[in-house]
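Coordinate-derived values only; no laboratory data. Treat the numbers as computed from the prediction; the structure is a model and nothing was measured. Cβ atoms come from the backbone with ideal geometry, glycine included; neighbour counts cover every protein chain shown.
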Amino acid sequence: MTDVSWQFVRFVATVLVLGPPVAYYVYRDRKRRGESRPLAWALGLGVLGIPGLIFHLYLRGDFAGPNRDGE
């Protein structure tokens, strides 16, 4: 197999391994918070894997830092 084929296989394997847990967490968290379209967000960010999880945590404010409220 060529390098491109192995890269594609690695990408698909990563999405299949990391995608469902990230999607489940995003769906559950957005639903619990009462935010809009939890399933759409879960599917979209689940495909991204860890970067999607980081983006979700950033959007909800967990990565804003200690001085988030201006203290």
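For the pair LEU57 and TYR24, the difference between a 0.36 nm per residue extended length and the Cα-Cα distance amounts to 10.5 nm. Here the simple spin-label model places points 7 Å from the Cα toward Cβ, and for ALA13 and GLU35 these points are separated by 3.1 nm. Backbone phi angles across region 48-54, fed through the Karplus curve with coefficients 6.51, -1.76 and 1.60 (θ = phi - 60°), yield HN-Hα couplings of 6, x, 4, x, x, 5, 4 Hz in residue order; Gly and Pro are listed as x.
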